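Shown next, in structure tokens, is the structure this report addresses.
The values are calculated or read from the model by the stated rules, or taken from the named source; none is laboratory data. Computed from a predicted structure; not experimentally measured. Heads up, the Cβs are rebuilt from the backbone with ideal geometry, glycines too, and the neighbour counts pull from every protein chain shown. Areas reflect the complete protein model, heavy atoms only, side chains present, ligands, DNA and RNA absent. Shrake-Rupley method; radii C 1.70, N 1.55, O 1.52, S 1.80 Å.
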Amino acid sequence: MAAWVMIFMMIPCFCLASGNWYTVTDEVSAEMLGLPDDEYTGTVTMTFLGDCTLGGEEKKAGQALSFASRIAENGMDFPFRGLKQLTEADDLTVANLEVVLSDRKLKKEKKEFNFIGPTANTQILKEGSIECVTVANNHTHDYGDEGYADTKKALEEAGICWFGVDAPAIWRSDEGLMIGFLGVNYSLTGNRAKRFAAQAEKLRDLGCAAVITVMHAGTEYSYRPPDNYQAQIVERAVKAGSCLVIGHHPHVLQGLVLKDDVPVVYSLGNCSFGGTTFAKDNDALVVRAELRFEDGELKEIALTFYPISITSDKRHNNYSPCLLTGEDAERVLKKMAETTGTDPDVRNPDGSATIKYCED
């Protein structure tokens, strides 16, 4: 096996989040991270957000209803203001960042939609208490490798961790518990599958007590998962030892299944999505995952599904999602259950729903 040179970047925490983040860009010894706490007992709370496009098409940036115009009018805290009661109250928040962040004039790739925003938009993530993003998706290369490099550099300079196809990430709690994150885009075939398996093994070798796979895959606007690629990714993620799989890309919500005792959420749908002013479906999900450990071993995963609208303006998408309650929340939960046949068994007073899985 070829030798790796590993670089770790410690990402500072924001708001009420705890612990430290590291992007694993190559290989390093476990000593650089510090010894893990093999006897950790407690619960880690994390929040997952779907597709977040903090920008849009260049040709539309000056329009009155564009993402850029909304930010100019309302400030950097506008996109995630309706979700901060979740993101500020957890240990860590992970979002799918589906945009290029660059201040340069770059040549865009030949495709239907190319999304870009200024590097200053990293402040939106910080204002939203989002400490880590996955860049494993089909828009972070909209402006080629240069745009991708600019995006990662902007995140690093802002103190926001990233992980993607080319690098996993590790979150280390203040007590020493480590959780690894793997990013997948579209499929896991050939060399992609080999790299993914090697990354998962490395996270375990470094001392991660749990590994989570975040996949960007599926058929757009389909309410019937899984498609062939989703099924392939889930199978290989489970085989690699993932304890949880969280998905997005279809732009609509898809539901929950249990695959060989591993919870799989196929699609959260959109979140703060600057790619369109009029979305085909405003319903989406935010997922709160609580991982309970005893003596260093994962014993239980509780998933709470929070129904959201991707817009707080019913006339059009204003890129500021809000939590739903009452009949609206129940309608979204029903839609989620219909996609896979699995319905969370506990309804909560705030409109969310919870299901628990024991690892014993």
Among K152/K202; K194/K280; K84/K152, which pairs are too far apart, with a Cα-Cα distance over 32 Å? K194/K280
Can you give me the distance in nm between label points at E294 and N348, each placed 7 Å from the Cα along the Cα-to-Cβ direction? 2.3
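Under the 0.36 nm per residue contour assumption, what length would be gained going from the current alpha-carbon distance of E39 and E112 to full extension?
Numbers: separation 73, 0.36 × 73 = 26.28 nm, distance 5.04 nm.
Stretched out fully, the E39 to E112 stretch lengthens by 21.2 nm.
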At 1.4 Å probe size, with the rest of the protein present, what percent of the exposed accessible area of segment 112-264 is carbon and sulfur atoms? 44
Label zone at K84 (point 7 Å along Cα-to-Cβ), backbone N below 20 Å, segment 153-178: 158-161
Only sites in a loop by DSSP and with at most 13 other Cβ atoms within 10 Å count here; which chymotrypsin sites (Phe, Trp or Tyr not before Pro) in segment 162-256 make the cut? Y221
Would you please give the residues with an amide H less than 5 Å from that of A279, counting only those at least 5 places away or on a separate chain, with H modeled from the backbone geometry? N317
Counting alpha carbon pairs within less than 8 Å and at least 6 residues apart, what relative contact order, in whole percent, applies to the chain? 18
In nm, what is the difference between 0.36 nm times the number of residues separating R195 and K259 and their Cα-Cα distance? 20.8 nm
Sketch the reach of a paramagnetic label on E359 as a point 7 Å from Cα along Cα-to-Cβ, and name the residues of segment 260-281 whose backbone nitrogen lies under 13 Å away. 262-263
Using 20 Å as the cut-off for backbone N distance, which residues of segment 120-149 belong to the label zone defined by a point 7 Å from the Cα of S69 along Cα→Cβ? 121
For K126, the accessible surface traced by a 1.4 Å probe with all protein chains present amounts, in square angstrom to the nearest 10, to 60
To the nearest 10 square angstrom, what accessible area does D281 show with a 1.4 Å probe? 20
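Rolling a 1.4 Å sphere over the protein heavy atoms, what is the accessible area per residue of the chain, to the nearest Å²? Provide the component values of the computation, followed by the final result.
On the way: 14730 Å² over 360 residues.
Averaged over the residues of the chain, the accessible area is 41 Å².
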Quick one: if you stick a label point 7 Å off each Cα along the C-beta vector at T325 and Y221, how many nm between them? 3.3
